[in-house]
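Q: I have a structure I would like to understand better, so I am pasting it below and will then ask my questions one at a time.
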Amino acid sequence: MFLIYIVEDDINIREIETFSLKNSGYAVIDFGCAKDFYKELSEKLPDLVILDIMLPDEDGLEILKKLRRNPETKKLPIIMVTAKTTEIDKVKGLDSGADDYITKPFGVMELISRVKALLRRSMNMEEDKILSLGELVINNEKHTVSIYEKPCELTYKEFELLKLMLQNVGIVLSRDLIMERIWGVDFEGESRTLDMHIKTLRQKLGESGKRIKTVRNVGYRLE
């Protein structure tokens, strides 16, 4: 049975989330603040965390960053929850390492669907430690990127985007597939998020960024 931690200060929302997930067959432990969450986390790691951004004792984004810096929790599947609706708030959460993002108010079925999808992805086959294409090298274990043996600093999502392309060299990846694999949800009407990340990724890769080709009306390909 999968274990899920819910970090949410609104008791009504927390109770609905907990009840719904338990009815779907998951084990759930809920927390109203970061302090209690950290204490339980030090004793047992869950299979997934549902993390609210607005908490009384610590901002959810800061919690997320701490989890991604910790070797023990850096790969922990995390869904961010917030009442904020602007695209920049979503980008901040995703760039900080969130695997998915859900905005209040949301339906119970949507929450369950997101949880199931993320857990499926987290159970994917073990990744190769090293991925490379010419001068481009990704080290999954160290979470680093180098070009001609020189380090290239990428955000969490830029790294995941480049890794997905390196895993599918020469193959056209549709926009929908990239959004589902990297962000875990189809941001309908907000595909600019992907375009923005491709743009910054190309810039950071320098000449190597030219390897990322745009396939009009379809998606992108690394060659």
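Q: Mind ranking 155-167, 3-15 by how tightly packed they are, going by the mean number of other C-beta atoms within 10 angstrom, highest first? Don't skip to the end; give the middle numbers.
A: On the way: 155-167: 20.2, 3-15: 18.0.
In descending order of packing, they fall as 155-167, 3-15.
Q: I would also like to ask the following. Beta carbons within 10 angstrom, averaged per residue: use that to sort the peptides 99-105, 171-177, highest first.
A: On the way: 99-105: 17.9, 171-177: 15.0.
Highest to lowest by the protection proxy: 99-105, 171-177.
Q: Over the chain, what lengths in whole Å, largest first, do the semi-axes of the equivalent ellipsoid take, defined as the square roots of 5 times the eigenvalues of the alpha-carbon gyration tensor? Please report the intermediate quantities before stating the final value.
A: Working: eigenvalues 203, 70, 50 Å².
Each semi-axis is the square root of five times an eigenvalue, giving 32, 19, 16 Å.
Q: Nearest 10 degrees, 0 to 90: what angle lies between the long axis of helix 192-205 and the longest principal axis of the chain (Cα atoms)?
A: Tilt relative to the chain: about 50 degrees.
Q: Determine which lysines satisfy two conditions relative to Lys129: a Cα distance under 24 Å, and not lying fewer than 8 residues away in the same chain.
A: Partners found: Lys65, Lys66, Lys74, Lys75, Lys142, Lys150, Lys157, Lys163, Lys204.
Q: Need one number: % antiparallel among DSSP beta bridges in the chain, to the nearest 5. Could you put the intermediate results ahead of the total?
A: Working: 16 of 33 bridges.
The antiparallel fraction comes to roughly 50 percent.
Q: Further, regarding this structure: Give me the percent of accessible area attributable to carbon and sulfur for the chain, probe 1.4 angstrom.
A: Within the chain, the accessible surface is 51 percent carbon and sulfur.
Q: I would also like to ask the following. Suppose all protein chains stay in the model; what accessible area per residue would a 1.4 Å probe give for region 1-155, in Å²? Mind showing how you got there, number by number?
A: On the way: 8420 Å² over 155 residues.
I get 54 Å² per residue for region 1-155.
Q: Here is a follow-up. With a ≥ b ≥ c taken as the square roots of the eigenvalues of the C-alpha gyration tensor of region 1-83, please select rounded if a/c is under 1.5 and otherwise prolate if a/b is larger than b/c or oblate if it is not? If you can, show how the numbers build up before the last one.
A: Numbers: a/c = 1.74, a/b = 1.16, b/c = 1.51.
Since a/c reaches 1.5 but b/c is at least a/b, the shape of region 1-83 is classed as oblate.
Q: Oh, and also: What is the spin-label model distance, in nm, from Glu153 to Ala83 if the labels are put 7 Å beyond Cα along the C-beta direction?
A: My value for the distance between the label points is 3.5 nm.
Q: Rounded if a/c is under 1.5, else prolate if a/b beats b/c, else oblate: with a ≥ b ≥ c from the C-alpha gyration tensor eigenvalues square-rooted, which is region 1-46?
A: Details: a/c = 4.07, a/b = 1.15, b/c = 3.53.
In terms of gyration-tensor shape, oblate.
Q: Over region 14-145, what is the percentage of antiparallel beta bridges among all DSSP beta bridges, to the nearest 5?
A: Numbers: 6 of 14 bridges.
Here the share of antiparallel DSSP bridges comes out near 45 percent.
Q: With each pseudo-label sitting 7 Å past Cα toward Cβ, what's the Gln167-Ile16 distance in nm, one decimal?
A: Placing both labels 7 Å beyond Cα along the Cβ direction yields 3.3 nm.
Q: Rank by packing, highest mean first: peptides 202-208, 38-44, with packing defined as the count of other Cβ atoms within 10 Å averaged across residues.
A: Details: 202-208: 14.7, 38-44: 12.3.
Packing proxy ranking, top to bottom: 202-208, 38-44.
Q: Taking 0.36 nm per residue of sequence separation and subtracting the Cα-Cα distance, how much length would be gained by fully extending the chain between Glu135 and Leu3, in nm to one decimal? Mind showing how you got there, number by number?
A: Values: separation 132, 0.36 × 132 = 47.52 nm, distance 4.09 nm.
Full-extension gain reported as 43.4 nm.
The values are calculated or read from the model by the stated rules, or taken from the named source; none is laboratory data. This is a predicted model, so every value here is computed, not measured. Cβ: placed from backbone, ideal geometry, glycine included. Neighbour counts: every protein chain shown. Accessible surface areas use protein heavy atoms only, side chains included; no ligands, DNA or RNA. Shrake-Rupley method; radii C 1.70, N 1.55, O 1.52, S 1.80 Å.
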